[in-house]
Amino acid sequence: MGLSSVASNSEGMQLCIFDLRRGQNEGQELDKILFFYPADLPFSTQLSVIGLSEGLITFTRIFSPEAACEVIEAERHSHVFFEAEPDIWMVVIVEKNKEAEAIWRVEGLRKVLKEVHSLFLMFHGSIRSLLEKEPAAGSVRSQLYIFIMDYLSAFEKRSPLDYCCWDFLSSKKLQLPSFRDSLKERATVQMLTVGREAAIEVQSLVRVVESCTGSQSSHSLLLFQDLLVSTTLSPDDTINLFTYAVLRLTPRALSAGLSSWSYLRKGSAASTAVTGPTMGSAASLSEPFHGSRGTSAGDDHSHAVRPLQHDRWSKGRDGFLITDIWQAEPASLVSVTPSIWLQQTEEKMYLCAYQHKSLTFILLIPVSSVINGEQGILAVKQLVLEHASLKMLKVEEKLSKGWGGENAYHVSGYRYLLVDGDRNLSRASPPGKVATLTKDSLLALSKLREEVDIEKSRAKWDNDGHEKDLEICTRARNNAWVISQVTRGKELYMVLENANETLLYASDAVQKFSNRYCNGAFSLD
């Protein structure tokens, strides 16, 4: 069987999660499958796909035992690998398509897998720990299937010009991030630039709110619009919570839940389930994958926590965000305070979010520090309202006055993406401005980024002990200049469509941008 025959029956794409420690005995091979999309494929096909993936992982370890397999390129398919946890692998197999809209970056697909796993960790804990608690893995499979399918439906286009989010499940096929996302970077946060006076007010607000919890282990995240203002979390936890906040908690996310359209959402607005060929209620989500696996009839997965569901958050009268996603017990009508797991400390935290106009303050309180459960959380919220509500108003007012609007970070003549890998930060041209680029420009940029990804991957496994600086400048078919520079942990990607004919002009433009907006990080001096 050749690599090119694997995904012939899957509408061009397959996504699976499997555990190499399970299903090693004859007749128990199905036990290693934790998730598979499309779920309605015969188990023989699923096992064939996973068996091939397992063989590729084992084969590549012979030549590179220290470096996990990342991608295998076949004639008709790309096999992208991510070892989410020791011996737990996520693999996506995508059919190569000559259609322009289907062009993707391998590293972009890997970051999708990483993001899925990171968000799952935040809400459910590690897959390995869940398997240890329940070796049969029935509920683990249900949680993974429901969570991932909710994730794939979570990224809705808010308008034809808005590429800040992705609609993965469109019509009957799963649409992958394409070349149009070349000026976006996952696993980073976008920060608001604030002045000294506003920064002092923000620090004061954070101290007051965190002191209301009575715990020194509390943490917080503060956002203005969809931009990060302040965080007391570790970098990984900041990225995870920021990603979720922008997706579900910020004012824009809440308003999108009320007014946005989707290819999948039909029927009355009161329905909280996403309809379509692969989506439905929590119960129906688990049926395709588990219905013929002999799971116990007594297992009730219809009340699994689904934090990525649409339209399940709203703003309460007191300013705190409320949701009915978390329930005291299965089938209970009593909602409880949401909770998440921190990746750095593996500590479970209550999540309380307060919102005033464009300001969203997320407070994390250790579950172990709250003695009276929900009553204790109510007491903390009351203290926040008494001692910090006026400060919230003042900070929001200051940030609003200094905010330049959606095009605040637009630079005339440039379409750019700036990434600071050391600090996990990114800044880019506004989506509306990126949408003005031609397809040829975006395709050229996507190919250039693929080249940079390959060079970075090679450099990562070199033993020279230092990062590799890169500078690439190419001309697209439409004569636009497409530029990339990588140096000292920072990356700059740029498209100049109305540039002069000479390379010197393009180089000059980069130097001016670097000096003015990057503190000279990409300058030749």
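The values are calculated or read from the model by the stated rules, or taken from the named source; none is laboratory data. Quick caveat, the model's predicted, so the values are computed rather than measured. All Cβ positions, even for glycine, are placed from backbone atoms using ideal geometry, and neighbour counts span all protein chains on display. Note: areas computed on protein heavy atoms with side chains; ligands, DNA, RNA excluded. Shrake-Rupley method; radii C 1.70, N 1.55, O 1.52, S 1.80 Å.
Compare Leu30, Leu425, Leu390 by solvent-accessible area with a 1.4 Å probe and give them largest first, with all protein chains kept in place.
Values: Leu30 50, Leu425 30, Leu390 140 Å².
In descending accessible area the options line up as Leu390, Leu30, Leu425.
List the pairs from Lys111/Lys381; Lys111/Lys433; Lys398/Lys468 whose alpha-carbon separation is above 30 Å, in the order I gave them.
Numbers: Lys111/Lys381 36 Å; Lys111/Lys433 24 Å; Lys398/Lys468 41 Å.
Listed pairs above 30 Å: Lys111/Lys381; Lys398/Lys468.
For Lys96, list long-range residues whose amide hydrogen, built 1.01 Å from N in the peptide plane, is under 5 Å from its own amide hydrogen.
Amide H neighbours of Lys96, under 5 Å, 5+ apart: His77, Ser78.
In the range 415-517, what percent of the accessible surface is made up of carbon and sulfur (1.4 Å probe, ligands and nucleic acids excluded)?
Numbers: 2560 of 5460 Å².
In the range 415-517, the share of accessible area belonging to carbon and sulfur is 47 percent.
Please list, ordered by chain and number, the residues whose modelled amide H lies under 5 Å from the amide H of Thr232; skip anything fewer than 5 residues away on the same chain.
For Thr232, the qualifying residues are Ser220.
Using a simple spin-label model with points 7 Å from Cα along the Cα→Cβ vector, what separation in nm is obtained for Asn372 and Phe59?
The two pseudo-label positions are separated by 6.4 nm.
From Cα pairs below 8 angstrom and at least 6 apart in sequence, can you work out the relative contact order of the range 312-398, rounded to a whole percent? If you can, show how the numbers build up before the last one.
Numbers: 101 pairs, mean separation 16.2, N = 87.
Relative contact order comes out at 19 percent.
So which of Lys32/Lys184; Lys184/Lys447; Lys439/Lys460 end up more than 26 Å apart by C-alpha?
Lys32/Lys184; Lys439/Lys460
Report the Stokes-Einstein translational diffusion coefficient (µm² s⁻¹, integer) for the range 363-440, Rh taken as the Kirkwood radius over Cα pairs, at 10 °C with viscosity 1.306 mPa s.
On the way: Rh = 16.9 Å.
In µm²/s, the coefficient is 94.
Quick one: Kirkwood hydrodynamic radius for the range 309-439, alpha-carbon pairs, angstrom, one decimal? Please list the in-between numbers first.
Numbers: mean 1/r = 0.0549 Å⁻¹.
That comes to 18.2 Å for the range 309-439.
Using the Cα centre of the range 391-525 as the reference point, and only Cβ charges (+1 on K/R, -1 on D/E), how large is the resulting charge dipole? Debye, rounded to the nearest 20. Each step should come with its number before you reach the end.
On the way: 21 positive and 20 negative charges, 116 e Å.
So the dipole magnitude of the range 391-525 works out to roughly 560 debye.
In the range 28-81, if every C-alpha pair distance is counted and binned at 10 Å from zero, what percent goes to each bin?
That works out to 21, 48, 29, 3, in percent per bin.
Enter the mean projected area of the convex hull around the alpha-carbon atoms of the range 415-517, in nm², rounded to one decimal. Don't jump to the answer; show the numbers that get you there.
Numbers: hull surface 27.7 nm².
Projected area, direction-averaged: 6.9 nm².
Leaving out ligands and nucleic acids, note down the accessible area per residue over the range 415-517 with a 1.4 angstrom probe, in whole Å². Could the numbers behind the result be given before it?
Values: 5460 Å² over 103 residues.
Accessible area per residue, the range 415-517: 53 Å².
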